[in-house]
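Okay, structure first, notes after.
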Amino acid sequence: ERCGPLIGHLLAPRRYAMLRDWLNKAFLPVPRTELRFMSNAAESQDAVEGLLMGFAAGEKAVSVASVLGPAGLTRGFARLVLLLGHGSTSLNNPHESAHDCGACGGRRGGPNARLFAAMANRSEVRLLLRERGIDVPDDTWFIGGYHDTCSDDIVLFDLDTVPATHHGDLESIRKSLDQARADDAHERARRFESCPSGADPAEALRHVE
């Protein structure tokens with residue numbers, strides 16, 4: 001029963017992966033999830049008596065400031081700000097965790113990026129950030145995402161919460177990310193003996209995928 005997937009991985013890895021993803025979306029749709037990170041029991045349906053749940057407003061502000069401050073992002077923010085965690089997908093690499101994020105304890109950084117964006121979009125956090133000298137405009141929206149450094153795939157989280165006024169900016173960013181993915185794959189593919197010489201960025205991206 002494992003023969004089919006094995007043949008697919010060996011003979012047509014990209015097409016097999018696309019077929020697998022299509023089947024998963026058709027028959028096993030990913031449920032919509034929502035972060036629960038509030039420390040206020042009234043705001044958290046999952047609060048358990050006696051346990052420390054979530055983050056208080058001050059804790060969220062400290063976490064966001066600890067990223068924006070050292071990065072020099074204290075003013076002049078764009079309307080959309082993306083934060084991408086990274087990791088790597090592997091089918092048979094015993095050292096897979098070595099390709100993921102060291103700052104995340106050898107795990108993938110997508111969940112951290114998603115949580116950061118959710119915190120940074122809170123109005124009470126913005127007020128506390130201003131007291132720390134970090135002025136995030138009211139029309140700035142943060143988006144967390146995940147960059148798979150093996151396939152150069154990029155997933156953006158919680159796009160259903162992006163304000164309608166920012167959809168044009170989001171589409172522009174998607175195009176820029178797609179171009180960056182292709183250029184990155186083109187650079188990487190020079191080291192792959194199996195990639196045809198003279199491949200353009202789009203062909204290199206298909207090869208990397």
Residues whose placed amide H lies under 5 Å from that of Gly109, excluding near-sequence neighbours: His86, Gly87, Cys101
Near-label residues of region 163-188 by backbone N, under 20 Å of a point 7 Å along Cα→Cβ of Leu73: 163-181
Under 14 Å, Cβ to Cβ, from Arg32 - net charge with Lys/Arg +1 and Asp/Glu -1: 0
What does the highest-first list of 146-152, 126-132 look like by mean Cβ count within 10 Å? 146-152, 126-132
Karplus-derived HN-Hα couplings along region 164-173 (A = 6.51, B = -1.76, C = 1.60, θ = phi - 60°), whole Hz, x at Gly and Pro: 4, 5, 10, 5, x, 5, 5, 5, 5, 5
Report ³J(HN,Hα) in whole Hz for each residue of region 13-20, in order, from the Karplus equation J = 6.51 cos²θ - 1.76 cosθ + 1.60 where θ = phi - 60°; Gly and Pro get x. x, 5, 5, 5, 5, 5, 5, 4
One finds the C-alpha centres of region 129-188 and region 195-209 to be spaced, in Å, by 24 Å
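Every number in this text was worked out from the coordinates using simple rules, so none of it is lab data. Everything numeric in this text was worked out from a predicted model, so none of it was measured. Every residue, glycine as well, gets a Cβ built from its backbone with ideal geometry; the counts of neighbours run over all protein chains shown.
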